[in-house]
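Only one structure is covered here, and it is reproduced in the block below.
The values are calculated or read from the model by the stated rules, or taken from the named source; none is laboratory data. Quantities reported herein were computed from a predicted structural model and do not represent experimental measurements. In this analysis, Cβ positions are derived from the backbone assuming ideal geometry, glycine residues included, and neighbour counts consider all displayed protein chains. Areas reflect the complete protein model, heavy atoms only, side chains present, ligands, DNA and RNA absent. Shrake-Rupley method; radii C 1.70, N 1.55, O 1.52, S 1.80 Å.
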Amino acid sequence: AEAPAKSNALRVMVWNVLHGANDVTDGAEKTLKIIRDVNPDIVLLQESYDINDERPKLGAWLAGELGWNEHQAQSTHLCVLTPLHIETTFFHHAWHGVGAKLRDSMGREFLAWSTWIDYRAYITYALRENQTITDEELLALESVGSNRLKQANAIIEHLRNTGQLDADIPLLVGGDWNCPSHLDWTVDTTRVYKRRRALQLPVSTAMQSAGFTDTFRELYPNPVQYPGITWSPMFRTKGEGAEKEDQCFDRIDRLYLKNPLPHGSHWELRPVTGHVLPIVWEDENVPTVDLEFPSDHGALVIDLAWSEINNW
């Protein structure tokens, strides 16, 4: 069913569901319940893998249960899941980007991409392991230690080359960036968090330079008061006994928005509110298989509102 015509709301969910929710008992069913409770207009999924016991990929199974549409096609794990009408589908890379052009019941259109980039050389782990690491060495992890910056730039370039970066409809790009944002690594957050530096982190800076707004940070500009942490509600420590270390908590799952230029469009999207699930983290002594929230990534939920642009 499409959203009611009177609604100017658009609810977007961005969620990396660990290993297709296979690490948790009835993980697919738990994922379905959470999505039903959130009632989003679109879910940008990562790690939509085959469900254990020979069911289809998570995104396709969820679409079947919900009576929704989905686009994963030849992607390894990226999926756009929605009750809205999918007009066109797009493909960038099996691991890094799939997208779709969607239309709601009012005829309003927008572009939406599910993304994921390299997890290696996670910058906050590097800082945990070596407090004396230089800023230059930390920043190099984004371009030399991993392919994150290269992959983010390739996504931006693909959107530019296909005309989507300058489309006359809103463009949403959401997913698991596997790195924090420069908007969160500030002087003030270094005073609160054990493992932060005030750094112009390159992936989030590249998205900003390409004209994207970080929707959560636009809504909640103070990263001390509103950390929005998505990594990790499931694993809060690493190792055992004397070797036990605290997790490196960061906001690595983000939704970016680029609105069209006013002269070419009738509609734009504006962030209204947002939150990260689970609101309450489960007891860390509960075995992974018994958890109700089936992922190591928190789910980002952003409510946007359609706003008519007056071109006169």
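Some points to look at:
- Every test in (1) within 24 Å of I302 (Cβ to Cβ); (2) in contact (Cβ under 8 Å) with a residue 12 or more places away in the chain; (3) open to solvent by 30 Å² or more (accessible area, probe 1.4 Å) is passed by I35 save one, and that test is (3).
- Number of positions in the range 183-230 that are part of a loop (DSSP other than H, G, I, E, B), within 29 Å of S48 (Cβ to Cβ) and open to solvent by less than 50 Å² (accessible area, probe 1.4 Å): 10
- Counting the residues of the range 241-271 that are under 23 Å from D303 (Cβ atoms), open to solvent by less than 50 Å² (accessible area, probe 1.4 Å) and part of a loop (DSSP other than H, G, I, E, B) gives 5.
- Residue in the range 272-281 that is in contact with a strand residue (DSSP E or B) (Cβ under 6 Å, 6 or more places away or on another chain), more than 30 Å from E142 (Cβ to Cβ) and open to solvent by 80 Å² or more (accessible area, probe 1.4 Å) present: yes
- Residues in the range 133-160 that are within 20 Å of the chain's Cα centre (by Cα) and of a type in the set (D, E): E142, E157.
- From the options D303, D283, residue that is assigned to a loop (DSSP other than H, G, I, E, B) and acidic (D, E): D283
- The set of residues in the range 140-166 that are part of a loop (DSSP other than H, G, I, E, B), open to solvent by 20 Å² or more (accessible area, probe 1.4 Å) and in contact (Cβ under 8 Å) with a residue 12 or more places away in the chain comprises L141, S143, G145, N147, T162, D166.
- Counted residues, the range 97-112 - those being outside any loop (DSSP other than H, G, I, E, B) and either aliphatic (A, V, I, L, M) or under 19 Å from G175 (Cα atoms) (or both): 9
- Within the range 116-132, restricting attention to residues that are under 21 Å from the mean Cα position of the chain (by Cα) and not in a helix (DSSP H, G or I), the residue that is nearest to T89 (Cα to Cα) is W116.
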